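These notes are about the structure you will find just below.
The values are calculated or read from the model by the stated rules, or taken from the named source; none is laboratory data. Just so we're clear, the structure is a prediction, and the values are computed from it rather than from any experiment. Note that we place each Cβ from the backbone using ideal geometry, even for glycine, and neighbour counts take in every protein chain shown. For the accessible areas, the whole protein counts, side chains as well, though only heavy atoms, and no ligand, DNA or RNA atoms are used. Shrake-Rupley method; radii C 1.70, N 1.55, O 1.52, S 1.80 Å.
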Amino acid sequence: MNTLKRWLNTAKSHSRWAVISVPYLWMLLFFAVPFLIVLKISFAYQVVAIPPYTGLLELADQSVLMKLNLTNYLQLMVEDKYIDAYLNSIQIAGISTLLCLLIGYPMAYTIARLPPTSRNIALMLVILPSWISFLIRIYAWMGILQTNGLLNKLLLGIGIIDTPLRIMNTPLAAYIGIVYAYLPFMILPLYANLVKLDLRLLEAAYDLGARPWKAFLTITLPLSRRGIVAGCMLVMIPAVGEYVIPELLGGPSTRMIGRQLANEFFVAGNWPMASAVAIVMLLLLMVPILIFNHIQGKEMEGRLT
Amino acid sequence: MSSLHRTGLFGKGMLGFGYAFLYLPILILIIFSFNSSRISTVWSGFSFKWYIALFKDDAMLNAAWVSLKVAFASATVSVILATLAAMVLTRFRPFRGRTLFGALITAPLVMPEVVTALSLLLMFTTVSGFFGTSSKGMLSIFLAHVTFTMAFVTVVLSSRLAELDKSLEEAAMDLGANRVKVFFVITLPIIMPALVSGWLLAFTLSLDDVVIASFVSGPSATTLPMKIFSTVRLGPNPKINALASLLVMLVAQAAVIGWYIMQRQEKRRLRDIQLALKEG
Amino acid sequence: MAANPEAVRPERSAADERYVFIDDVTKEFDGFVAVDDVSLSIRKGEIFALLGGSGCGKSTLLRCLAGFEKPTTGRILLDGQPMNDLPPYERPINMMFQSYALFPHMTVEQNVAFGLKQDGMPKPDIKRRVEEMLNLVQMVKFAGRKPHQLSGGQQQRVALARSLAKSPKLLLLDEPMGALDKKLRSQMQLELVNIVEKLGVTCVMVTHDQEEAMTMATRIALMDSGRIRQVGTPDEIYEQPTSRFAAEFIGSVNIIEGVIKDDEKDFVTIQSAALAHLIHIGHGISGFEGQRVNFALRPEKITVTKDEPADAHNKAQGVIEDIAYFGSHSVFHVRLPSGTRLMAHFANRKRWASENFTWTDKVWLSWGDNAGVVLPA
């Protein structure tokens with residue numbers, strides 16, 4: 001009886017670990033291990049061989065030597081093309097995020113104040129484009145922004161400009177593409193936050209003499225901070241590492257870090273360098289993520305006490 | 001809602017501008033898919049010829065078929081793994097390594113695509129170096145897609161499970177069902193809508209991915225986004241316009257159907273509430 | 001309405017006295033003691049209420065009985081059988097949840113049948129039993145409905161039927177009226193007690209609502225910070241509280257602090273700065289002269305008169321400061337010369353306010369020798 005019970009108990013705890021270990025092992029194998037490989041290769045030397053990098057450990061004179069190659073990282077810090085790529089990425093992602101916020105906030109606010117029946121449709125209209133292939137939405141702008149494209153034709157036709165503007169293959173095109181692709185990601189968290197705002201708070205503010213604009217600045221805006229932060233994160237993080245948009249719209253003059261990484265790997269065949277670029281990109285992204293966690297953590301604490 | 005809280009002209013104007021910004025490019029794309037000229041910005045007459053050309057493009061059709069297969073398989077596996085992960089995150093007692101588990105499951109959400117792509121590619125090459133086989137191709141894309149979509153699905157399912165009234169599961173246990181039975185008879189049926197939307201999310205993410213697929217796949221497998229990407233790199237192409245229009249119509253149709261179902265459910269819910277109130 | 005088990009079962013064996021036996025149960029969560037060394041014996045067939053404010057440990061104790069929590073130390077016995085190591089799905093105990101926890105994807109019938117199905121009961125038997133249970137709670141015609149198509153009261157009936165279907169040895173009720181509005185509450189309290197008594201099932205309920213505990217339970221355990229403060233019948237708890245906490249938790253009460261002056265066999269006097277006269281108690285108590293005590297006096301035990309009562313030991317004069325009108329009676333807040341305020345009930349026998357007392361009236365308060373309870377300070 002007792003042995004049976006013990007057996008049942010161990011079987012139970014085994015099944016518990018089985019449930020845990022399947023997703024756990026998957027993520028270790030396909031996420032943690034690949035990441036460690038990238039980390040490892042970033043410290044290796046490029047060689048002409050298969051695979052095209054050196055190992056970190058060497059057996060010589062009966063001792064194991066570990067050789068860490070730091071030149072990849074040093075290069076990242078001194079060479080202009082890398083520094084430019086990082087700064088450009090941050091600048092383009094940052095300004096695009098700001099533009100998304102400026103366009104997205106009024107949209108989210110207006111949708112949140114629509115009557116409940118039309119609210120869902122209005123929100124659906126925001127989400128719908130993101131169901132259409134990302135690539136195709138970016139592609140749609142190629143025909144518009146070309147030098148002989150529709151936008152220039154329109155502007156020339158109206159007579160605002162005399163010579164066609166060069167937008168395609170400039171950073172401006174990349175800005176347009178990023179704002180266009182990521183705008184829904186900004187609107188959704190903002191909407192989720194704004195729709196929950198207790199309108200009685202605004203009524204209280206009006207009752208105490210605040211004009212609508214003042215009530216917005218002192219009540220609505222501060223209370224929607226969480227939505228703003230979440231929206232900015234959702235836009236900023238993928239935008240920094242964006243590869244497709246600068247490749248298709250930005251042209252060679254838009255140097256972003258995602259493209260730099262792909263170039264190192266596919267064009268230069270320099271795996272260690274590509275790995276180092278990836279590691280530094282992650283370190284850069286840690287900054288906004290930690291700030292985000294910090295803000296969230298502080299608000300959680302504030303709510304508990 | 002009282003008139004006090006309606007938004008002014010500025011808000012309505014911004015909303016209109018936003019919608020125009022979101023939809024005009026797509027609309028233009030659709031219009032020019034019927035353009036008989038090759039040059040995508042000059043209108044020279046109505047024609048279906050790019051649609052016909054599209055359906056004669058075997059490479060394109062093949063790529064679409066590969067994409068569908070990968071998306072279907074990876075979404076299915078992803079939902080199964082994500083369900084386990086979400087149950088572990090929301091229902092299991094804390095265990096050793098729980099923090100790492102949570103971090104591993106959600107980290108792909110904030111990982112730039114290029115980094116995920118590079119790391120998976122490097123791993124696949126390392127592994128195939130060990131075994132001396134070429135592991136690139138559809139299998140690689142499938143594995144990569146399961147890994148990165150699983151994070152998204154886990155978030156969807158975790159939030160559904162977290163808001164699920166725990167006393168439902170306790171009640172089933174109280175009435176004599178063991179944990180496994182509770183999961184299959186109570187939990188799973190109740191979260192089924194979330195499972196379906198999680199599957200759809202994984203499916204569309206997989207169908208949509210170009211970066212990861214381009215990195216990890218070898219010459220043996222080309223997905224539709226990879227094919228589109230390599231085509232449009234060379235400039236606008238009317239065949240892609242035709243393809244895009246087809247996709248848009250598909251999505252629009254799905255949206256209308258979805259909206260219709262939602263509307264019907266809402267009506268039924270209201271009727272049920274009235275029914276319950278009347279007999280109170 | 002409160003059930004009277006004495007009438008139903010004239011004699012009880014020792015085993016029936018300890019039908020549910022909670023033996024030194026303690027439950028800790030990460031160092032926080034939710035249930036602190038609780039021992040209770042619950043009789044067969046009684047409706048036993050765990051009463052207390054939020055966070056007092058009553059729900060944790062109930063969840064220990066159901067098997068959702070495992071006691072850190074101590075044992076739980078049901079009908080002599082140890083329960084500690086049994087998972088919830090193997091205990092002959094069923095619970096009606098506060099939220100009812102009706103399975104949303106199943107019909108009323110399927111909900112009630114769920115527990116029976118887990119036991120592997122043959123289909124025809126299940127059908128018969130479900131019908132019997134739905135009959136009991138008068139929900140037969142709703143058998144095909146889904147939970148969201150029912151009103152709150154109907155959902156509660158279904159939840160009750162589901163938890164009774166397996167004929168549990170012990171029925172647990174978690175805040176049974178918590179999700180109902182006030183009007184429906186009193187009606188359902190009556191119905192629930194009737195059904196439970198009809199089946200003779202032993203029942204432990206958790207509630208924060210003293211009125212609910214008083215009307216439904218045969219006995220009440222008053223809980224505070226994880227401990228049992230007092231166990232007794234509703235009138236014992238109300239009329240003979242053993243602590244200031246118990247006196248103040250249930251109903252309203254005047255607490256007068258004082259010191260025992262005379263401690264005799266058949267009477268006691270208490271001196272208090274609040275009152276001009278000594279408080280006279282008409283029976284002996286276990287205390288000593290000079291002991292600091294609290295004298296607890298319910299407002300309805302005080303008589304309010306215009307003129308000084310001639311024959312009362314216990315009296316005080318004061319001014320009406322506040323009147324709370326409740327229709328059937330009013331509560332006067334009377335300020336004594338010492339500054340102490342006492343609450344006193346006054347039955348509104350007359351219809352016209354002009355014939356009653358009003359603000360700033362001088363009144364006399366008086367009470368009998370056995371009207372109050374002496375509690376340790």
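Within segment B:27-66, which residues are part of a helix (DSSP H, G or I), more than 10 Å from chain A (Cβ to nearest Cβ) and open to solvent by less than 60 Å² (accessible area, probe 1.4 Å)?
Listed by number, the residues that qualify are B:Ser33, B:Trp50, B:Tyr51, B:Ala53, B:Leu54, B:Ala59, B:Met60, B:Ala63, B:Ala64, B:Val66.
Among the residues of segment B:204-219 satisfying the criterion of being open to solvent by 10 Å² or more (accessible area, probe 1.4 Å) and over 19 Å from B:Ala59 (Cβ atoms), which is farthest from the other protein chains (Cβ to nearest Cβ)?
That would be B:Leu205.
For C:Ala273, are the conditions met, namely being touching a strand residue (DSSP E or B) at 6+ places or on another chain (Cβ under 9 Å), surrounded by fewer than 16 Cβ atoms within 10 Å (Cβ to Cβ) and either within 16 Å of C:Asn254 (Cα to Cα) or of a type in the set (Gly, Ala, Ser) (or both)? Even if it seems obvious, please write down each step before you answer.
Values: touching a strand residue (DSSP E or B) at 6+ places or on another chain (Cβ under 9 Å): yes; surrounded by fewer than 16 Cβ atoms within 10 Å (Cβ to Cβ): yes; either within 16 Å of C:Asn254 (Cα to Cα) or of a type in the set (Gly, Ala, Ser) (or both): yes.
Yes; evaluated as a whole, the condition is true for this residue.
For a quick check of your reading of the model, give me the residue pairs whose first member lies in segment B:242-257 and is more than 9 Å from every other protein chain (Cβ to nearest Cβ), whose second is assigned to a helix (DSSP H, G or I), with beta-carbon atoms closer than 7 Å and at least 6 apart or on different chains.
From segment B:242-257, the pairs are B:Ala242/B:Ser33; B:Ala242/B:Trp50; B:Ala242/B:Tyr51; B:Ala242/B:Leu54; B:Ser245/B:Leu29; B:Ser245/B:Ile30; B:Ser245/B:Ser33.
Can you find a residue that is of a type in the set (Gly, Ala, Ser), touching a residue at least 12 places away in the same chain (Cβ under 8 Å) and under 30 Å from A:His294 (Cα atoms) anywhere in segment A:206-216? I'd like the intermediate steps shown before the answer.
Step one: list which residues in segment A:206-216 are of a type in the set (Gly, Ala, Ser), which gives A:209-210, A:215.
Narrowing further to those that are touching a residue at least 12 places away in the same chain (Cβ under 8 Å): A:215.
Narrowing the set further to residues that are under 30 Å from A:His294 (Cα atoms) leaves A:215.
Yes: one or more hits.
Would you be able to tell me the number of residues in segment A:65-93 that are in contact (Cβ under 8 Å) with a residue 40 or more places away in the chain and under 19 Å from A:Gly258 (Cα atoms)? It would help to see each step written out before you state the result.
As a first pass, look at segment A:65-93 and keep what is in contact (Cβ under 8 Å) with a residue 40 or more places away in the chain: A:69, A:72-73, A:75-76, A:81-82, A:84-86, A:88-90, A:92-93.
Next, only the ones that are under 19 Å from A:Gly258 (Cα atoms) stay: A:72-73, A:75-76, A:81-82, A:84-86, A:88-90, A:92-93.
The number of residues fulfilling the criteria is 14.
Looking only at segment B:174-186, decide whether some residue is open to solvent by 10 Å² or more (accessible area, probe 1.4 Å), polar (S, T, N, Q) and assigned to a helix (DSSP H, G or I).
Looking for residues that are open to solvent by 10 Å² or more (accessible area, probe 1.4 Å), polar (S, T, N, Q) and assigned to a helix (DSSP H, G or I), one finds none in segment B:174-186, hence no.
Could you check segment A:65-96 and list, in sequence order, the residues that are touching a helix residue (DSSP H, G or I) at 6+ places or on another chain (Cβ under 8 Å) and charged (D, E, K, R)? I'd like the intermediate steps shown before the answer.
Looking only at segment A:65-96, we keep the residues that are touching a helix residue (DSSP H, G or I) at 6+ places or on another chain (Cβ under 8 Å), and these are A:69, A:72-73, A:75-77, A:81-83, A:85-86, A:88-90, A:92-96.
Scanning segment A:65-96 gives a single hit, A:Lys81.
Quick check on A:Trp271: is it among the aromatic types (Phe, Trp, Tyr), over 15 Å from the mean Cα position of the chain (by Cα) and under 30 Å from A:Ile37 (Cβ atoms)? First the steps, then the outcome.
Values: among the aromatic types (Phe, Trp, Tyr): yes; over 15 Å from the mean Cα position of the chain (by Cα): yes; under 30 Å from A:Ile37 (Cβ atoms): yes.
It is true that A:Trp271 is among the aromatic types (Phe, Trp, Tyr), over 15 Å from the mean Cα position of the chain (by Cα) and under 30 Å from A:Ile37 (Cβ atoms).
I'd like the residue in segment A:76-110 that is among the aromatic types (Phe, Trp, Tyr) and within 14 Å of chain B (Cβ to nearest Cβ) and, out of all such residues, is surrounded by the fewest Cβ atoms within 10 Å (Cβ to Cβ). Can you show your working first?
To start, the set of residues in segment A:76-110 that are among the aromatic types (Phe, Trp, Tyr) comprises A:82, A:86, A:105, A:109.
From what's left, within 14 Å of chain B (Cβ to nearest Cβ): A:86, A:105, A:109.
Values: A:Tyr86: 20, A:Tyr105: 22, A:Tyr109: 24.
Here the answer is A:Tyr86.
On the basis of being within 25 Å of B:Asp57 (Cβ to Cβ) and outside any helix (DSSP H, G or I), does B:Leu234 make the cut? Let's see the steps before the verdict.
Numbers: within 25 Å of B:Asp57 (Cβ to Cβ): yes; outside any helix (DSSP H, G or I): yes.
Judged against the criteria, B:Leu234 is a match.
Quick check: anything in segment B:112-122 more than 9 Å from every other protein chain (Cβ to nearest Cβ) and part of a helix (DSSP H, G or I)? Working first, answer last.
Taking segment B:112-122 as the starting set, the residues that turn out to be more than 9 Å from every other protein chain (Cβ to nearest Cβ) are none.
No, every residue in segment B:112-122 fails to be more than 9 Å from every other protein chain (Cβ to nearest Cβ) and part of a helix (DSSP H, G or I).
Need the failing condition index for A:Gln62 against (1) within 30 Å of B:Gln253 (Cα to Cα); (2) out of contact with any helix residue (DSSP H, G or I) (no Cβ under 6 Å at 6 or more places or on another chain); (3) not β-branched (Val, Ile, Thr), just the number.
(1)
Among the numbered criteria (1) within 11 Å of chain A (Cβ to nearest Cβ); (2) surrounded by 15 or more Cβ atoms within 10 Å (Cβ to Cβ); (3) of a type outside the set (Gly, Ala, Ser); (4) closer than 24 Å to B:Lys69 by Cβ, which single criterion is violated by B:Pro238?
All conditions pass for B:Pro238, except number (4).
Output the residues belonging to segment B:73-89 that are farther than 13 Å from A:Pro23 by Cβ and either surrounded by 15 or more Cβ atoms within 10 Å (Cβ to Cβ) or at the interface with chain A (Cβ under 7 Å from one of its Cβ atoms) (or both). Before you say what the answer is, go through the steps one by one.
Going residue by residue through segment B:73-89, those that are farther than 13 Å from A:Pro23 by Cβ are B:73-76.
Listed by number, the residues that qualify are B:Ala73, B:Ser74, B:Ala75.
Take the residues in segment C:251-267 that are of a type outside the set (Lys, Arg) and either out of contact with any strand residue (DSSP E or B) (no Cβ under 8 Å at 6 or more places or on another chain) or modelled with pLDDT under 90 (or both), then tell me which one is surrounded by the most Cβ atoms within 10 Å (Cβ to Cβ). Quick ask: steps written out before the conclusion?
Residues of segment C:251-267 that are of a type outside the set (Lys, Arg), as a first pass: C:251-260, C:262-264, C:266-267.
In the following step, the residues that additionally are either out of contact with any strand residue (DSSP E or B) (no Cβ under 8 Å at 6 or more places or on another chain) or modelled with pLDDT under 90 (or both) were identified as C:251, C:262-264, C:266-267.
Details: C:Gly251: 16, C:Asp262: 13, C:Asp263: 18, C:Glu264: 11, C:Asp266: 8, C:Phe267: 15.
Among those residues, the one meeting the criterion is C:Asp263.
Pairs, please: C-beta under 6 Å, at least 6 apart or cross-chain, first residue under 25 Å from C:Leu164 (Cα atoms) and in segment B:173-199, second among the β-branched types (Val, Ile, Thr)?
B:Met173/B:Val182
What do you reckon, is A:Pro34 more than 27 Å from B:Val110 (Cβ to Cβ) and not hydroxyl-bearing (Ser, Thr, Tyr)? Break it down into steps so the answer makes sense when it comes.
Numbers: more than 27 Å from B:Val110 (Cβ to Cβ): no; not hydroxyl-bearing (Ser, Thr, Tyr): yes.
Answer is no for this residue.
Return yes or no: is C:Ile302 at pLDDT 90 or above and either farther than 19 Å from C:Trp364 by Cα or loosely packed, with under 13 Cβ neighbours inside 10 Å (or both)? Even if it seems obvious, please write down each step before you answer.
On the way: at pLDDT 90 or above: yes; either farther than 19 Å from C:Trp364 by Cα or loosely packed, with under 13 Cβ neighbours inside 10 Å (or both): no.
So C:Ile302 does not fit the description; no.
Select, from A:Ile121, A:Ile160, the only residue that is out of contact with any helix residue (DSSP H, G or I) (no Cβ under 6 Å at 6 or more places or on another chain) and closer than 27 Å to B:Gly8 by Cα.
Working: A:Ile160 fails: closer than 27 Å to B:Gly8 by Cα.
Unique residue meeting the criteria: A:Ile121.
Among the residues of segment C:41-72, count how many are open to solvent by less than 10 Å² (accessible area, probe 1.4 Å) and part of a strand (DSSP E or B).
6
Residues A:Leu145, A:Leu197: which one is over 20 Å from the mean Cα position of the chain (by Cα), open to solvent by 10 Å² or more (accessible area, probe 1.4 Å), within 11 Å of chain B (Cβ to nearest Cβ) and touching a residue at least 60 places away in the same chain (Cβ under 8 Å)? Before you say what the answer is, go through the steps one by one.
Values: A:Leu145 fails: open to solvent by 10 Å² or more (accessible area, probe 1.4 Å).
That would be A:Leu197, the only listed residue that is over 20 Å from the mean Cα position of the chain (by Cα), open to solvent by 10 Å² or more (accessible area, probe 1.4 Å), within 11 Å of chain B (Cβ to nearest Cβ) and touching a residue at least 60 places away in the same chain (Cβ under 8 Å).
State yes or no: is A:Ile187 part of a helix (DSSP H, G or I), touching a residue at least 24 places away in the same chain (Cβ under 8 Å) and closer than 15 Å to B:Leu22 by Cα?
Taking the combined requirement at face value, the residue satisfies it.
Could you tell me whether any residue of segment A:12-29 is modelled with pLDDT under 70 and either among the polar types (S, T, N, Q) or not in a helix (DSSP H, G or I) (or both)? Walk me through it before giving the result.
Keep residues of segment A:12-29 that are modelled with pLDDT under 70, which gives A:12-13.
Next cut, either among the polar types (S, T, N, Q) or not in a helix (DSSP H, G or I) (or both) only: A:13.
Yes, the conditions are met somewhere in segment A:12-29.
Within segment A:251-276, track down each residue that is within 9 Å of chain B (Cβ to nearest Cβ) and either among the β-branched types (Val, Ile, Thr) or not in a helix (DSSP H, G or I) (or both).
Hit for segment A:251-276 is A:Ile257, nothing else.
Okay, residues lined up against (1) at the interface with another protein chain (Cβ under 10 Å from one of its Cβ atoms); (2) in contact with a strand residue (DSSP E or B) (Cβ under 9 Å, 6 or more places away or on another chain); (3) surrounded by 13 or more Cβ atoms within 10 Å (Cβ to Cβ):
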position: A:Leu29; (1), (2), (3): yes, no, yes
position: A:Val33; (1), (2), (3): yes, no, yes
position: A:Ile41; (1), (2), (3): yes, yes, yes
position: A:Gln46; (1), (2), (3): no, yes, yes
position: A:Tyr53; (1), (2), (3): yes, yes, yes
position: A:Glu58; (1), (2), (3): no, yes, no
position: A:Met66; (1), (2), (3): no, yes, no
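Of all residues in segment C:73-132 being surrounded by 14 or more Cβ atoms within 10 Å (Cβ to Cβ) and among the small types (Gly, Ala, Ser), which is nearest to C:Leu171 (Cα to Cα)?
Per the stated criteria, the residue is C:Gly115.
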